[in-house]
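Structure first, then comments.
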Amino acid sequence: MMTETYTSTFPELGFYGLPGHTRTPRDVLDQVRDAEALGVGNVMISERSDYKEIAAICGACAAVTESIYIGTSATNLNTRHPVVTASMGSTLNRLSNGRFALGLAKGVAMRWKSLGLPYPTYAREAEFIGIMRRLWRGERVGAASLAPYVNEDIPILYVGFGPSSLVNAGRIYDGVHLHTFMGETALRDAVAAVRKGEAEAGRAPGTVKVWSVLATACNVSEEKYLKYIIARLTTYLQIPGYGELLVRVNGWDPDVLARLRASKEVTSVGGLIDSVATTAQMAAIEKLVPESWRPAAVGDAQTCARRWLKEFEAGADGIIIHASTPDEFAPVLDAYRAIRPAERFEGRSNRPA
């Protein structure tokens, strides 16, 4: 078992590698090297089926870094055979010298139906996590095994934001990675749900680290604001089931969501907004999105740093910086350093869960 401890200047901070849509996955190499040099403790990699195959990107990140933790955020627990997922985890953990974290999501039921796959129940989720942990200890699970000499300690994070799912995550996961564009009340409710699950399982309060995800746009142009905030938010809102849940946890008006989706501004895009919309189309869509639906760190470096701090005040254990790349949020790190509650993170490592 690999036991080396990795600690950076900001172990409580992570960032999204290749945020949103990309057609140039190689960009992640500079991003992750820049983040490590800045002292960021974690990189989280999301998955799409075009140019963001998650194991390949995590392996590339491991090859060019030495201390930053590398996590999937997320891969789905029903798209690979458990042995394949376990092998992915054990390989990436050894490739990174013990810096891998497996983030799992259940996805949207409609997608699994279209692919002919069952939607994972809570029982299946718990079973899957149990199988991962046993396989990583070199155990045999029925006819399945990796090898008796395998011995890996890999944290497992739940990636999602449904209230009931967060309670369940508090029972069985090591950490929780929330969702972009959750306001302060939604974040506080999410933390409370995780703590409730911990209590139900007899776990000590704070056993499960809760990571908020905060879109950050520091001194950006109008075009980048539209891309980083408006396109990203409205892409989530486009997705059936997904958009409804984001609206519900934030207490937003579902009628506004319905009007947004039905608008010619959205329907004329012809795909996911953050993938194919033009700047002009994004500008038109912006007029349909209430200001109160845009919880994010936007403005100068000091303003963004203070907004980061509010996430911790609302109960988050860590922040995953979304939308911006490390070179773009570097000025915010400088401002954050001046107001960072260092005592809160004393003795903490980069391990995200």
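Taken over segment 264-284, the criterion of being more than 28 Å from W112 (Cβ to Cβ) and either in a loop (DSSP other than H, G, I, E, B) or touching a residue at least 40 places away in the same chain (Cβ under 8 Å) (or both) is satisfied by S268, T278, T279, M282, A283. Take W293 and tell me if it is touching a strand residue (DSSP E or B) at 6+ places or on another chain (Cβ under 8 Å) and either crowded, with 16+ Cβ neighbours inside 10 Å or small (G, A, S) (or both). So W293 fails the test. L246 passes every criterion in (1) farther than 15 Å from A105 by Cβ; (2) assigned to a helix (DSSP H, G or I); (3) not assigned by TED's automatic domain parsing to the domain that holds L104 apart from (1). Of the residues making up segment 101-116, those that are at pLDDT 85 or above and either part of a helix (DSSP H, G or I) or not small (G, A, S) (or both) number 3.
If the condition is being part of a loop (DSSP other than H, G, I, E, B) and within 14 Å of the chain's Cα centre (by Cα), then segment 175-199 contributes L178, H179, T180, F181, M182. Residues of segment 121-139 that are of a type outside the set (S, T, Y) and part of a loop (DSSP other than H, G, I, E, B): R137, G138, E139.
In segment 162-174, how many are more than 17 Å from the chain's Cα centre (by Cα) and either among the charged types (D, E, K, R) or not assigned by TED's automatic domain parsing to the domain that holds V332 (or both)? Number satisfying all stated conditions: 1. Of the residues contained in segment 322-333, none is found to be without any contact (Cβ under 8 Å) to a residue 12 or more places away in the chain and either part of a loop (DSSP other than H, G, I, E, B) or assigned by TED's automatic domain parsing to the domain that holds T22 (or both).
From the set of residues in segment 200-246 that are of a type in the set (A, V, I, L, M) and more than 18 Å from the chain's Cα centre (by Cα), which is surrounded by the fewest Cβ atoms within 10 Å (Cβ to Cβ)? Applying the filter and picking the extreme gives A204.
For segment 131-150, the set of residues classified as more than 26 Å from the chain's Cα centre (by Cα) and either not assigned by TED's automatic domain parsing to the domain that holds R99 or not basic (K, R) (or both) consists of G138, E139, V141, G142, A143, A144, S145, L146, A147, P148, Y149, V150, listed by residue number.
The C-beta contact set for segment 338-353 (first residue more than 13 Å from S8 (Cα to Cα), second residue of a type in the set (S, T, Y), distance under 8 angstrom, 6+ apart or interchain) comprises A353/Y173.
Please go through segment 120-167 and pick out each residue that is polar (S, T, N, Q) and either free of Cβ contacts under 8 Å to residues at least 24 places away in the same chain or over 21 Å from T72 (Cα atoms) (or both). Working first, answer last.
Just the residues of segment 120-167 that are polar (S, T, N, Q), to begin with: 121, 145, 151, 164-165.
Residues satisfying the conditions are T121, S145, S164.
Of the residues A186, A193, only one is in contact with a Leu (Cβ under 6 Å, 6 or more places away or on another chain) and either under 16 Å from E311 (Cβ atoms) or surrounded by 20 or more Cβ atoms within 10 Å (Cβ to Cβ) (or both); which?
A193 is the lone residue from the list that is in contact with a Leu (Cβ under 6 Å, 6 or more places away or on another chain) and either under 16 Å from E311 (Cβ atoms) or surrounded by 20 or more Cβ atoms within 10 Å (Cβ to Cβ) (or both).
Being touching a helix residue (DSSP H, G or I) at 6+ places or on another chain (Cβ under 9 Å) and buried (at least 21 other Cβ atoms within 10 Å of the Cβ): is that true of L18 here?
Details: touching a helix residue (DSSP H, G or I) at 6+ places or on another chain (Cβ under 9 Å): yes; buried (at least 21 other Cβ atoms within 10 Å of the Cβ): yes.
For L18, the condition - touching a helix residue (DSSP H, G or I) at 6+ places or on another chain (Cβ under 9 Å) and buried (at least 21 other Cβ atoms within 10 Å of the Cβ) - is met.
For G206, the test of being touching a residue at least 12 places away in the same chain (Cβ under 8 Å), touching a Gly at 6+ places or on another chain (Cβ under 7 Å) and not in a strand (DSSP E or B) is failed.
In the set (1) touching a Ser or Thr at 6+ places or on another chain (Cβ under 9 Å); (2) under 24 Å from S324 (Cβ atoms), L260 fails one condition alone, (2).
The values are calculated or read from the model by the stated rules, or taken from the named source; none is laboratory data. Since this is a predicted model, take the numbers as computed values, not measurements. Note that we place each Cβ from the backbone using ideal geometry, even for glycine, and neighbour counts take in every protein chain shown.
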